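S.K.: What follows is a structure written as structure tokens; I'll ask about it next.
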Amino acid sequence: MEKAIELSQLLLEGDQDASWELLEAEIKASKDSLYIYEHIITAAMRHIGHLWETNKITVADEHLATSTCDYLLARYIWQKGKDQPISSIGKKAMFLCVENEQHYLGLKMASQLFIEYGWETKYHGPNLPLEYIKKAAEEWKPDAICLSFSILYHAENLRPYIKELEELPNHPAVIVGGRLLSQYEFDRYGSEKTLFHKNLEDVNDWLDRHRHGVKSNVGS
Amino acid sequence: MLDLKFLPQPYFLIDLDYNILDFSQVSSELFYIRKNFLDLVDRESQGKTKNILGNLEGRSEGELIMKTKESPYALFDLSVNWNDGRGHIICIEKDHRLIELESIVEKHRTRLAATNLELLEKKELVEKTLFEIKSLSCPFIKLTQSTALVPLFGNLDSELISQNEKRVLEKSQDGGYQEVLFDFNGVGNLTSEGVEAFVALVKELQVMGLHPCIIGIKPNHAFYLNNSKTVPDVPFLNTLSKAFIKSF
């Protein structure tokens with residue numbers, strides 16, 4: 001947790017270089033991506049959320065921290081690919097936040113876990129209208145589509161997204177994620193096929209099972 | 001108190017339990033007025049609201065997410081001043097320009113990501129082209145039944161050799177050649193690694209019983225070849241015609 005709090009300070013200062021050095025030290029200490037994403041980066045961003053709740057910082061500060069963190073994640077996956085070339089497993093996944101949802105860091109970390117498992121990915125980022133992703137998915141035919149939301153009020157958007165994406169001709173697996181999933185049940189917004197992942201560990205476990213060839217009952 | 005009705009900003013008067021006692025006209029234009037002030041605040045901002053309002057000793061302020069008629073998730077700056085068990089609150093919505101700026105920054109971010117990807121694609125294309133160029137820079141040409149010419153083009157680096165040595169070795173073996181003439185006329189710069197790789201190739205050909213021959217060495221090439229760990233024991237000739245005269 002100490003490292004996470006240290007990182008949160010660097011992110012709030014917008015210090016890309018010092019943030020990267022902190023992350024690099026974790027890589028050198030042989031920490032895996034799941035640990036770095038969950039216990040360093042997510043923990044740092046949660047701490048920043050806590051600082052806002054306790055009136056220590058403003059939303060403008062949060063924006064700076066978010067964009068610094070965005071850079072950090074991009075550099076992390078680039079470095080990973082350079083250190084250890086990843087061989088493709090021939091599967092494709094798309095990532096997006098539902099309409100109006102601006103919190104995209106969790107989604108980005110999930111997409112990077114997929115990359116490390118050899119998936120080909122398309123990361124569409126925050127606030128993606130349904131008609132756009134539907135069209136993109138029809139053309140690209142992904143095996144999985146990952147949706148993310150962080151604001152309770154945006155959960156209302158889930159139902160049409162899940163329904164229409166699961167009904168696409170190639171029946172992609174629809175995976176829903178976001179910080180609220182560990183607090184509330186959202187099953188009612190999906191079908192029996194929809195996957196709800198509470199955290200990155202769930203994502204990682206799912207990827208692990210898929211890598212080892214255990215077929216999930218989704219998308220079939 | 002009547003005058004406060006016409007304040008040009010959303011104003012609320014609350015009691016110690018946060019019940020709304022009075023509000024300005026602008027407040028009712030912006031919010032669906034409820035009994036309690038906390039009902040106007042987003043669930044996840046309620047703890048923060050209590051903290052800000054909890055300071056009964058004077059003034060406090062902070063950012064909150066509030067539910068307006070327009071949006072269930074709007075960012076406000078809230079200021080409160082307590083006096084005699086009554087809280088006077090002003091809520092000012094964060095400038096709309098902030099949201100506009102956010103969306104512009106987001107567009108730039110997306111574009112930057114796309115540009116990155118485009119650059120990556122171009123880089124991969126260039127690498128692929130470079131590979132093809134290197135493969136074409138070491139053709140294996142049959143001159144006679146027993147002689148083959150391998151003109152080298154471009155820079156002699158380790159990639160040029162590693163990419164082509166397998167093909168040169170296979171072709172040399174297949175055709176029943178006796179001599180392989182390496183033509184350096186088209187070679188620009190050399191690197192030490194490239195020269196070492198080339199010398200290793202020449203030696204392999206010798207082991208296979210062939211007679212490699214090097215032609216068209218220029219002074220800058222000679223410098224590198226002489227500095228290599230082992231200078232190949234092969235004839236060095238300055239032109240192809242001399243190589244031919246020697247052969248026949």
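S.K.: Specify the residue that is nearest to B:V80 (Cα to Cα); the eligible residues are those in segment B:90-140 that are of a type in the set (V, I, T) and away from chain A (no Cβ under 14 Å). Full working, then the answer.
M.R.: Of all residues in segment B:90-140, those of a type in the set (V, I, T) come to B:90, B:92, B:99, B:104-105, B:110, B:115, B:126, B:129, B:133.
Now narrow it down to the ones that are away from chain A (no Cβ under 14 Å): B:90, B:126, B:129, B:133.
Details: B:I90: 7, B:V126: 62, B:T129: 67, B:I133: 72 Å.
Applying the filter and picking the extreme gives B:I90.
S.K.: Right, next: What number of residues within segment B:50-62 are within 25 Å of A:Y153 (Cα to Cα), facing another protein chain (nearest Cβ under 10 Å) and in contact with a strand residue (DSSP E or B) (Cβ under 7 Å, 6 or more places away or on another chain)? Break it down into steps so the answer makes sense when it comes.
M.R.: From segment B:50-62, those within 25 Å of A:Y153 (Cα to Cα) are B:50-53, B:62; that's our starting set.
With the extra rule that they be facing another protein chain (nearest Cβ under 10 Å), the set shrinks to B:51-52, B:62.
Pick out the ones that are also in contact with a strand residue (DSSP E or B) (Cβ under 7 Å, 6 or more places away or on another chain) and you get B:52, B:62.
Residues in segment B:50-62 being within 25 Å of A:Y153 (Cα to Cα), facing another protein chain (nearest Cβ under 10 Å) and in contact with a strand residue (DSSP E or B) (Cβ under 7 Å, 6 or more places away or on another chain): 2 in total.
S.K.: Hey, another quick one. Might you let me know whether segment A:159-168 holds any residue that is at pLDDT below 95 and farther than 23 Å from A:W206 by Cβ? Even if it seems obvious, please write down each step before you answer.
M.R.: Restricting attention to segment A:159-168, the residues satisfying the condition of being at pLDDT below 95 are none.
No, every residue in segment A:159-168 fails to be at pLDDT below 95 and farther than 23 Å from A:W206 by Cβ.
S.K.: Right, A:L113: modelled with pLDDT of 90 or more and assigned by TED's automatic domain parsing to the domain that holds A:P160 or not? Outline the logic, then answer.
M.R.: Working: modelled with pLDDT of 90 or more: yes; assigned by TED's automatic domain parsing to the domain that holds A:P160: yes.
It is true that A:L113 is modelled with pLDDT of 90 or more and assigned by TED's automatic domain parsing to the domain that holds A:P160.
S.K.: I've got another one for you. Starting from segment B:171-183, take each residue that is of a type in the set (S, T, N, Q) and list its partners that are part of a strand (DSSP E or B), counting only C-beta distances under 8 angstrom and pairs at least six apart or across chains.
M.R.: Partner pairs satisfying both residue conditions: B:S172/B:A148; B:S172/B:V180; B:Q178/B:T147; B:Q178/B:H211.
S.K.: Select, from B:E93, B:E106, the only residue that is in contact (Cβ under 8 Å) with a residue 40 or more places away in the chain and surrounded by 12 or more Cβ atoms within 10 Å (Cβ to Cβ).
M.R.: On the way: B:E106 fails: in contact (Cβ under 8 Å) with a residue 40 or more places away in the chain.
Of the residues listed, the single one that is in contact (Cβ under 8 Å) with a residue 40 or more places away in the chain and surrounded by 12 or more Cβ atoms within 10 Å (Cβ to Cβ) is B:E93.
S.K.: Right, next: Considering every residue within segment B:155-169, establish whether at least one is surrounded by 15 or more Cβ atoms within 10 Å (Cβ to Cβ), part of a strand (DSSP E or B) and out of contact with any His (no Cβ under 7 Å at 6 or more places or on another chain). Please lay out each step first, then the result.
M.R.: As a first pass, look at segment B:155-169 and keep what is surrounded by 15 or more Cβ atoms within 10 Å (Cβ to Cβ): B:155-161, B:163-165, B:168-169.
Restricting the remaining residues to those that are part of a strand (DSSP E or B) gives B:155-156.
Narrowing further to those that are out of contact with any His (no Cβ under 7 Å at 6 or more places or on another chain): B:155-156.
Checking segment B:155-169: at least one residue is surrounded by 15 or more Cβ atoms within 10 Å (Cβ to Cβ), part of a strand (DSSP E or B) and out of contact with any His (no Cβ under 7 Å at 6 or more places or on another chain).
S.K.: Would you say B:G188 is surrounded by 11 or more Cβ atoms within 10 Å (Cβ to Cβ) and in contact with a strand residue (DSSP E or B) (Cβ under 6 Å, 6 or more places away or on another chain)? Explain how you work it out, then say what you get.
M.R.: Numbers: surrounded by 11 or more Cβ atoms within 10 Å (Cβ to Cβ): yes; in contact with a strand residue (DSSP E or B) (Cβ under 6 Å, 6 or more places away or on another chain): yes.
Here the answer is yes, as B:G188 does meet what is asked.
S.K.: Which ones in segment B:207-245 are in contact with an Asp or Glu (Cβ under 8 Å, 6 or more places away or on another chain) and of a type outside the set (A, V, I, L, M, F, W, C)?
M.R.: Passing the criteria: B:H211, B:P212, B:G216, B:S228, B:K229.
S.K.: Among the residues of segment A:97-120, is any in contact with a Phe, Trp or Tyr (Cβ under 6 Å, 6 or more places away or on another chain) and of a type in the set (F, W, Y)? Give the steps one after another, and end with the answer.
M.R.: Pass one, segment A:97-120, residues in contact with a Phe, Trp or Tyr (Cβ under 6 Å, 6 or more places away or on another chain): A:97-98, A:101, A:107, A:109, A:111.
Still in the running and of a type in the set (F, W, Y): none.
No, segment A:97-120 contains no residue that is in contact with a Phe, Trp or Tyr (Cβ under 6 Å, 6 or more places away or on another chain) and of a type in the set (F, W, Y).
S.K.: So if I check each of B:S45, B:S27, which one is in contact (Cβ under 8 Å) with a residue 60 or more places away in the chain and either more than 14 Å from chain A (Cβ to nearest Cβ) or surrounded by 15 or more Cβ atoms within 10 Å (Cβ to Cβ) (or both)?
M.R.: On the way: B:S45 fails: in contact (Cβ under 8 Å) with a residue 60 or more places away in the chain.
Of the residues listed, the single one that is in contact (Cβ under 8 Å) with a residue 60 or more places away in the chain and either more than 14 Å from chain A (Cβ to nearest Cβ) or surrounded by 15 or more Cβ atoms within 10 Å (Cβ to Cβ) (or both) is B:S27.
S.K.: Kindly establish whether B:T68 is of a type in the set (S, T, N, Q), within 15 Å of B:F23 (Cβ to Cβ) and either surrounded by 14 or more Cβ atoms within 10 Å (Cβ to Cβ) or within 9 Å of chain A (Cβ to nearest Cβ) (or both).
M.R.: Values: of a type in the set (S, T, N, Q): yes; within 15 Å of B:F23 (Cβ to Cβ): yes; either surrounded by 14 or more Cβ atoms within 10 Å (Cβ to Cβ) or within 9 Å of chain A (Cβ to nearest Cβ) (or both): yes.
In short, yes.
S.K.: Which condition number in (1) surrounded by fewer than 15 Cβ atoms within 10 Å (Cβ to Cβ); (2) within 14 Å of chain B (Cβ to nearest Cβ); (3) part of a helix (DSSP H, G or I) is the one that A:H63 fails?
M.R.: A:H63 satisfies every listed condition except (1).
S.K.: Could you check how many residues of segment B:13-32 are acidic (D, E) and outside any loop (DSSP other than H, G, I, E, B)? Can you show your working first?
M.R.: Taking segment B:13-32 as the starting set, the residues that turn out to be acidic (D, E) are B:15, B:17, B:22, B:29.
Then keep just the ones that are outside any loop (DSSP other than H, G, I, E, B); that gives B:22, B:29.
Here the count works out to 2.
S.K.: Further, regarding this structure: Only one residue in A:I175, A:I133, A:I151, A:I162 is in contact with a Gly (Cβ under 6 Å, 6 or more places away or on another chain) and buried (at least 19 other Cβ atoms within 10 Å of the Cβ). Which one?
M.R.: On the way: A:I175 fails: in contact with a Gly (Cβ under 6 Å, 6 or more places away or on another chain); A:I133 fails: in contact with a Gly (Cβ under 6 Å, 6 or more places away or on another chain); A:I151 fails: in contact with a Gly (Cβ under 6 Å, 6 or more places away or on another chain).
Checking each option against the conditions leaves just A:I162.
S.K.: Now for a separate question. Only residues in segment A:173-200 that are over 17 Å from A:M94 (Cβ atoms) count as the first member; pair them with residues that are basic (K, R) and not in a helix (DSSP H, G or I), Cβ under 6 angstrom, at least 6 apart or cross-chain, and list the lot.
M.R.: If the second residue must be basic (K, R) and not in a helix (DSSP H, G or I), the pairs left are A:L181/A:K198; A:S182/A:K198.
S.K.: Here is a further query. I need the helices (runs of 4 or more DSSP H) fully contained in segment A:104-216, keeping only those with at least 2 residues that are within 13 Å of the chain's Cα centre (by Cα) and small (G, A, S). Can you show your working first?
M.R.: On the way: elements: A:105-116, A:130-140, A:158-166, A:200-211.
In segment A:104-216, the matching helices (runs of 4 or more DSSP H) lie at A:105-116.
S.K.: Suppose the filter is assigned by TED's automatic domain parsing to the domain that holds A:N199 and either free of Cβ contacts under 8 Å to residues at least 40 places away in the same chain or surrounded by 15 or more Cβ atoms within 10 Å (Cβ to Cβ) (or both); does A:E99 pass it? Break it down into steps so the answer makes sense when it comes.
M.R.: Working: assigned by TED's automatic domain parsing to the domain that holds A:N199: yes; either free of Cβ contacts under 8 Å to residues at least 40 places away in the same chain or surrounded by 15 or more Cβ atoms within 10 Å (Cβ to Cβ) (or both): yes.
So A:E99 passes the test.
S.K.: I would also like to ask the following. Filter segment A:8-59 down to the residues that are charged (D, E, K, R), out of contact with any Ser or Thr (no Cβ under 8 Å at 6 or more places or on another chain), more than 14 Å from every other protein chain (Cβ to nearest Cβ) and assigned to a loop (DSSP other than H, G, I, E, B) and list them by number.
M.R.: The answer is A:K31, A:D32.
S.K.: Could I ask something else about it? Mind counting the residues in segment A:6-26 that are under 22 Å from A:G81 (Cβ atoms) and surrounded by fewer than 16 Cβ atoms within 10 Å (Cβ to Cβ)?
M.R.: Residues meeting the conditions: 4.
The values are calculated or read from the model by the stated rules, or taken from the named source; none is laboratory data. All figures in this text were calculated on a predicted structure; none of them were measured in a lab. With ideal geometry, Cβ positions are generated from the backbone for all residues, glycine too; neighbour counts draw on all protein chains shown.
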